[in-house]
Amino acid sequence: MELSLAHPAIKAFVCGSVSGTCSTLLFQPLDLVKTRLQTLQSGVQPGSGRVGMMAVLLSVVRTERLLGLWKGVSPSFARTIPGVGLYFSTYYSLKQHFFQDSRPGAAGAVLLGGGARAVAGVVMLPVTVIKARFECGRYSYGSVTGALRSVCRTEGPAALFSGLVATLLRDVPFSGLYVMFYSQAKASLPKDISTSASAPLANFGCGLLAGVSASLVTQPADVVKTRVQVNSQLRTAEAIRCIYTEHRLQGFFRGAVPRALRRTMIAAMAWTVYEQMMARFGLEP
């Protein structure tokens, strides 16, 4: 079946997958640096200085060469290509079902974004766990399938869903807030801009503002999620206690800069590409 004849939800899936592929390839280094920052051992000598984003970045390049910044890109693709596609197809389906004849308001946008992310997050969580293991640098997995077999053999299949609560606490609010901020920012654009050739650039700018706001609010949950997925024996409450004991409140904002950069740029690019591709199919995104 030609794509032009496919169901609109399938078209939304394809558009989301393409946008996710582009953004993941570009911004994978930021995700790796974020994961390394969040999983640094607390046994660093007191007074040795704060390890920042640039120090981790240079360390990866020095020890693993430049391509080391793209370590974990395979599980990232395995998660993002179907994950972003599933997110946008779910979002489109929910929007058509509940808001077919009207534009969702702020509360409706939160529910649409959060609902779509909940579905995609649960389905893609096993890949997210493997991705976190690859990027943290503590494991010597040779491949994605090898990592999957190792986790299932040594820790059991349940380990593939470690961090489920923290993931939902992070992703559902992020997506809900992002869609709300993004839709409200777009609605505030002057009509002559939103209908001009520069509309994609303006929408990208709205996406950047929305991404920064949503990232900062959900950063603590992201730190907890990463800690649980890297140390599957930890429960969410234990991870929160450990992070606070080791680093106090500032520990919940480790990796905030690379994560905000990555999530903001990925989300802004994904939504811009998605909306442009949907428009080419003659569909309302």
Identify the residue in the range 150-173 that is over 14 Å from the mean Cα position of the chain (by Cα) and among the charged types (D, E, K, R) and, among all such residues, is farthest from residue 228 (Cα to Cα). 153
Looking only at residues in the range 225-245 that are part of a helix (DSSP H, G or I) and at pLDDT below 85, which one is surrounded by the fewest Cβ atoms within 10 Å (Cβ to Cβ)? 236
Quick one: how many residues across the range 246-259 are buried (at least 21 other Cβ atoms within 10 Å of the Cβ) and in a helix (DSSP H, G or I)? 2
Selection from the range 64-122 of residues that are open to solvent by 60 Å² or more (accessible area, probe 1.4 Å), closer than 28 Å to residue 25 by Cα and not in a helix (DSSP H, G or I): 65, 71
So, of the residues in the range 152-167 that are in contact with a Leu (Cβ under 9 Å, 6 or more places away or on another chain) and touching a residue at least 24 places away in the same chain (Cβ under 8 Å), which turns out to be most open to solvent (accessible area, probe 1.4 Å)? 161
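Hey, among the residues in the range 105-114 that are of a type outside the set (A, V, I, L, M, F, W, C) and touching a residue at least 40 places away in the same chain (Cβ under 8 Å), which one's nearest to residue 166 (Cα to Cα)?
114
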Counting just the residues of the range 260-285 that are among the small types (Gly, Ala, Ser) and under 14 Å from the mean Cα position of the chain (by Cα), which one comes out surrounded by the fewest Cβ atoms within 10 Å (Cβ to Cβ)? 260
Top-ranked residue of the range 135-162 - restricted to ones that are in a loop (DSSP other than H, G, I, E, B) and at pLDDT 80 or above, ranked as nearest to residue 61 (Cα to Cα): 162
Looking only at the range 123-141, how many residues end up being surrounded by 17 or more Cβ atoms within 10 Å (Cβ to Cβ), in contact (Cβ under 8 Å) with a residue 60 or more places away in the chain and over 14 Å from residue 82 (Cβ atoms)? 7
Condition test on residue 206, is it on the phi < 0 side of the Ramachandran plot, touching a Lys or Arg at 6+ places or on another chain (Cβ under 8 Å), modelled with pLDDT of 90 or more and not small (Gly, Ala, Ser)? yes
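The values are calculated or read from the model by the stated rules, or taken from the named source; none is laboratory data. This one's a predicted model, so the numbers in the text were calculated from it and none came from an experiment. Note that we place each Cβ from the backbone using ideal geometry, even for glycine, and neighbour counts take in every protein chain shown. Remember, those area values only see protein heavy atoms, side chains included, never the ligands or the DNA or RNA. Shrake-Rupley method; radii C 1.70, N 1.55, O 1.52, S 1.80 Å.
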